[in-house]
Amino acid sequence: MYDYIVIGAGVMGSSTAYALAKEGKKVLLLEQFPIPHTRGSSHGASRITRTAYPEEFNGSIMAVANSMWKDLEKEAKTTLFKHTGLLCTTSTLHKELVDTQKTLQRYNTGPVPIIDSAEISKRYPLMSYPKEEKACFDFSAGILYADKCVMAFQKVFQKRGGEVIDMCKVQHVTPGDVVTVHTDKGDFRAKGLVITCGAWSSEILSDLGISLPLQVMAIQVCYWKARNGVDHSRLPLFISLDEISDIYGMPTSEYDGLMKICLHYGVLCAGPDMRDNTDSKAEAKNLKMLTEFVASTFPYLVPEPAIKERCMYTVTPDNQFIVDHHPIHRNIVFGAGFSGHGFKMAPVIGNMLAELVQGGKPELLVDELRASRFDKKSKL
């Protein structure tokens, strides 16, 4: 029997398994697909990491996560982060920008001024924003090498005695003082269970009587080629706070010479196994909006994606993730709905889930992240 079982070996599950193993626990990490794979939400070469959030509690999580990523780099003996800085912009949501400025000034070193479009163009001549645009700069931001991060967690987890079984599909969970996880490779028992299944979370949680407002969204990941070989590699990351044009981008780590620029939302799909069966008209509308943004903001990029790929978000109504325990079986905990921005927080989320499954009260687990905030929609 194990001390703890973690279902789902993406970045959240791998981080949680590592956090438990670091405390000397006997831990089993289960994954339904071969490791590594591209079916979930943790694959790919790059993710933005930033402290720039309007919500102070997200900033407080990132202040801790930034140092934890450095600790993981040291233990895994591999580079996981590239420092670039991030430009956080808006043309309409000026209150959110001021709140973001406050978060940055609290958790970063030094003043964080708000600049106008003329100053943006002066600093970054390859970018062109309308005159009403405002921005602030996150000096802590950069790129996390996503695939390497997941592998690093799994490497140090196994080095500390953790066990991983991939290609192992969970069929059913029997709760109790001892939890039994029934899989197509047999039954496994433990004192506690952590569920971090990404887009497949609802399948297992509903079997345990938990209904959360989670939706699966198919995302177009687009890469854009420079005109005449103009070098965009020294640009900072950027993210827009505007609801209508919720767009982010970065000099790509995936493909030399291309910029990664994407909408931070996509098209809802029936489930994680149906992500290639989406509303083509809605996708075309989203791509048109993104293309128009690239044409107006990046005049030295070809306004047509050179490469298009897919990934998945599992989203909640407020785009904040959920970390909580089962209302009856408190030795069963879950993390879900990371809504396309949770990856960077994985070291802290892993610690939260590890502490929660052991009966603790994580300091950074605020009510805004609990399932109870959806009490009218959630069966908890």
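The values are calculated or read from the model by the stated rules, or taken from the named source; none is laboratory data. Owing to the predicted nature of the structure, the values given are computational and were not obtained by experimental measurement. Reconstructed Cβ throughout: ideal geometry from the backbone, glycine too, with neighbour counts over all protein chains shown. Calculation scope for accessible area: heavy atoms of the full protein, side chains included, ligands and nucleic acids excluded. Shrake-Rupley method; radii C 1.70, N 1.55, O 1.52, S 1.80 Å.
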Find the accessible area per residue for the stretch 43-124; the probe is 1.4 Å, ligands and nucleic acids are left out, and the unit is Å². 46
In Å³ per residue, the alpha-carbon convex hull of the stretch 116-156 encloses 103
Cross-link partners of Lys344 among lysines (Cα-Cα below 18 Å; sequence separation of 8 or more within a chain): Lys70, Lys74, Lys82, Lys148, Lys260
If one takes the longest principal axis of the Cα atoms in the chain, at what angle in degrees, from 0 to 90 and to the nearest 10, does the Cα axis of helix 56-76 lie? 70
Determine the shape class of the stretch 314-380: with a ≥ b ≥ c the square roots of the Cα gyration tensor eigenvalues, call it rounded for a/c under 1.5, and otherwise prolate if a/b is greater than b/c, oblate otherwise. oblate
In µm²/s, what is D for the stretch 43-200 at 37 °C and 0.692 mPa s, where D = kT/(6 pi eta Rh) by Stokes-Einstein and Rh is the Kirkwood radius from Cα pairs? 173
Given the pairs Lys169/Lys281; Lys25/Lys159; Lys225/Lys308, which span a C-alpha to C-alpha distance of over 22 angstrom in this model? Lys169/Lys281
Using helices alone, what [θ] at 222 nm do you get for the chain, with -39,500 (n - 2.57) per DSSP H run of 4 or more residues, divided over all residues and rounded to the nearest 500? -9000 deg cm²/dmol
Express the carbon and sulfur contribution to the solvent-accessible surface of the chain as a percent, rounded to the nearest whole number, probe 1.4 angstrom. 51
Viscosity 1.567 mPa s, temperature 4 °C: Stokes-Einstein D of the chain from its Kirkwood Cα radius, in µm² per second? 61
Give the separation of the Cα centroids, the stretch 105-171 to the stretch 266-340, in Å. 17
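Can you give the accessible area per residue of the stretch 150-267, in Å², using a 1.4 Å probe?
43
What translational diffusion coefficient, in µm²/s and rounded to a whole number, does the Stokes-Einstein relation yield for the stretch 228-327 at 37 °C and a viscosity of 0.692 mPa s, taking the hydrodynamic radius as the Kirkwood radius over Cα pairs?
210
Give a quick list of chymotrypsin sites (Phe, Trp or Tyr not before Pro) in the stretch 179-272 that DSSP marks as loop, anything other than H, G, I, E or B, with at most 14 other Cβ atoms within 10 Å.
Here the sparse-neighbourhood loop sites are Tyr255.
Given the stretch 4-77, report the % of alpha carbon pairs whose separation exceeds 15 Å.
Numbers: 1795 of 2701 pairs.
Percentage above 15 Å: 66.
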